[in-house]
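Working notes, beginning with the structure itself.
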Amino acid sequence: MRRALVRAYMSSANLGPGFDILAVALDAFYDEVEVRVVGEGLSKISLSVGGKYGSQVPAGEDNAVLAPIEKALAIAGEKLQLEVTLNKGVPPGRGLGSSGASSAAAARAVNEILGGVFRDSELVYIAGEGERKVSGEPHYDNVSASLLGGFVLVSPGESVRASKIPGGEGFSFLLAIPEIQVPPKKTGHARSVVPRQVSLADYIANSSSLAKLILGIVTNNPKLAGEGMIDRIVEPARERAGLIPLYSEVKNNALKAGAYGVVVSGAGPSILILADREIHGELGNMLTEIYAKRGYKATIVSATPAPGARVIIG
Ligand code: HSE
């Protein structure tokens with residue numbers, strides 16, 4: 001029986017000034033997708049969903065894993081009967097690229113089953129179909145990071161292109177993940193509050209940040225990268241809309257305690273902090289206390305850049 005089991009890590013999109021074009025895969029959480037061929041000559045896919053967060057994602061057609069598999073089979077012109085299993089380890093709805101990880105794992109797994117017919121650039125497009133299913137439009141930032149690993153730069157628009165950014169392998173991050181109720185279609189809502197027009201001053205400030213951030217990554221300089229993790233356009237709008245609880249407080253205190261940079265992870269509500277590993281313990285305690293004082297429970301986890309989606313059994 002042909003089968004492929006693939007692991008894909010979570011990711012954090014935007015990194016401040018890189019709205020929709022930058023993301024990093026992180027090793028804090030991962031999804032696994034297994035695809036088994038049980039018959040040929042007819043297209044039929046059955047899905048079973050398990051894992052720690054399995055009950056928090058749709059179990060049927062609306063799950064992110066099915067659309068990439070269907071798309072890949074359609075492009076390849078293959079008719080297969082498949083059993084697909086998703087082991088859901090990335091918490092959904094937290095800005096941690098949960099559907100991107102599922103989509104990337106599914107795309108890589110079906111490609112393995114098909115004998116590796118697709119290049120990574122095609123798999124990015126195929127995996128984007130999972131995001132389209134979940135959020136109505138494909139955002140390629142998360143899927144690209146989960147698929148390729150490390151830091152990625154994505155060209156938006158119709159002809160999607162994702163490139164790995166070399167560097168930053170030794171960076172270490174803390175993720176602050178508040179346990180709050182998020183609205184249904186959270187990402188769509190968080191995108192609706194983003195301003196459609198920006199001032200020239202904000203455009204220049206964000207361009208400067210983005211340049212510093214990328215230069216910091218490629219030169220393995222977390223201090224410079226952290227200086228570039230400042231966004232004057234998207235994050236302030238999301239914070240004003242109440243989507244990122246305690247963002248300013250967390251950010252100011254973390255920077256005061258020695259963090260290099262603090263950003264909203266994806267569309268929130270999680271917060272991503274770039275900080276040396278040595279201060280994670282102290283920072284983590286401080287952040288837990290900040291959230292607790294205001295009545296929030298939050299999970300604080302360390303993470304480093306993760307590899308791309310890879311076949312574990314195939
Ligand atoms: N870049 C997206 C956003 C993240 O911030 O809305 C979801 O892919």
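Only the coordinates and a few stated rules stand behind these numbers; no lab work does. What you see is a predicted model, and the numbers here were worked out from it, not measured in a lab. Heads up, the Cβs are rebuilt from the backbone with ideal geometry, glycines too, and the neighbour counts pull from every protein chain shown.
Please report, in debye to the nearest 20, how large the charge dipole of the chain is about its Cα centre when each Lys and Arg carries +1 at its beta carbon and each Asp and Glu carries -1 there.
280
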Computed from the beta carbon distance with a Förster radius of 25 Å, FRET efficiency for Ile204 and Ser155 to the nearest 0.05 stands at 0.70
Rounded to whole angstroms and listed largest first, the alpha-carbon spread of region 173-303 along its three principal axes comes to 39, 38, 20
Contact order relative to length for the chain, counting C-alpha pairs under 8 Å separated by 6 or more residues, stands in percent at 25
Quick calc of log₁₀ I(q)/I(0), region 168-211, Debye, one scatterer on every Cα, no solvent, q values 0.31 1/Å, result -1.03
In degrees rounded to 10, the 0-90 angle between helix 247-256 Cα long axis and the longest Cα principal axis of the chain is 70
Low-density loop trypsin sites (Lys or Arg not before Pro), region 46-114, at most 15 other Cβ within 10 Å, DSSP non-H/G/I/E/B, are Lys52, Lys79
Helix 280-293 sits off the longest principal axis of the Cα atoms of the chain, rounded to the nearest 10 on a 0 to 90 degree scale, by 80
Excluding residues fewer than 8 positions from Lys297 in its own chain, the lysines with Cα under 23 Å of it are Lys52, Lys88, Lys185, Lys186, Lys251, Lys256
Correct semi-axes for the chain, from √(5λ) of the alpha-carbon gyration tensor and rounded to whole Å with the largest first, are 33, 20, 18
The base-10 log of I(q)/I(0) that the Debye equation returns for region 37-108 at q = 0.17, 0.19 Å⁻¹, one scatterer per C-alpha, is -0.61, -0.74
For 289-295, 138-144, 45-51, ranked highest to lowest by mean beta-carbon neighbours within 10 Å, the order is 138-144, 45-51, 289-295
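Can you give the extra length, in nm with one decimal, that the chain gains between Ser192 and Arg119 once fully stretched, where that is 0.36 nm per residue apart less the Cα-Cα distance? Could you put the intermediate results ahead of the total?
On the way: separation 73, 0.36 × 73 = 26.28 nm, distance 3.34 nm.
Gain on stretching Ser192 to Arg119: 22.9 nm.
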Within the set Ser208, Ser265, Ser103, GNM on the chain using Cα springs under 10 Å gives the largest fluctuation to Ser208
When the charge dipole of region 1-80 is computed with +1 at the Cβ of Lys and Arg and -1 at the Cβ of Asp and Glu, the Cα pointing farthest to the positive end, of Ile45, Tyr9, Val24, is that of Ile45
Once normalised by the length of region 229-314, the mean sequence separation of its alpha carbon contacts under 8 Å that are 6 or more apart gives a contact order in percent of 21
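Against the 2.2 N^0.38 Å scaling, with N counting residues, where does region 1-159 land? I'd like the Cα-based Rg ratio to two decimal places. Mind showing how you got there, number by number?
On the way: Rg = 14.3 Å, N = 159, 2.2 N^0.38 = 15.1 Å.
Computed over Cα atoms of region 1-159, the ratio equals 0.95.
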To the nearest 10 degrees, the tilt of helix 120-135 (Cα long axis) against the first principal axis of the alpha carbons of the chain is 80
Quick calc of log₁₀ I(q)/I(0), region 246-289, Debye, one scatterer on every Cα, no solvent, q values 0.15, 0.24 1/Å, result -0.31, -0.80
Under the helix-only model (-39500 (n - 2.57) for each DSSP H run of 4 or more, divided by the residues of the chain), the mean residue ellipticity at 222 nm, to 500 deg cm²/dmol, is -11000 deg cm²/dmol
Expressed as a whole-number percentage, the relative contact order of region 1-96 with C-alpha contacts under 8 angstrom and at least six residues apart is 36
For region 173-303, whose charge dipole is built from +1 on Lys and Arg Cβ atoms and -1 on Asp and Glu Cβ atoms, the candidate among Val263, Ser209, Gly188 with its Cα farthest towards the positive end is Gly188
Answer in debye to the nearest 20: the dipole magnitude of region 173-303 about its Cα centre, from +1 Lys/Arg and -1 Asp/Glu charges placed on Cβ, is 420
Sorting Leu283, Asn252, Ile313 by the position of each Cα along the dipole of region 249-314 (Lys, Arg +1; Asp, Glu -1; all at Cβ), the one nearest the positive end of that ordering is Ile313
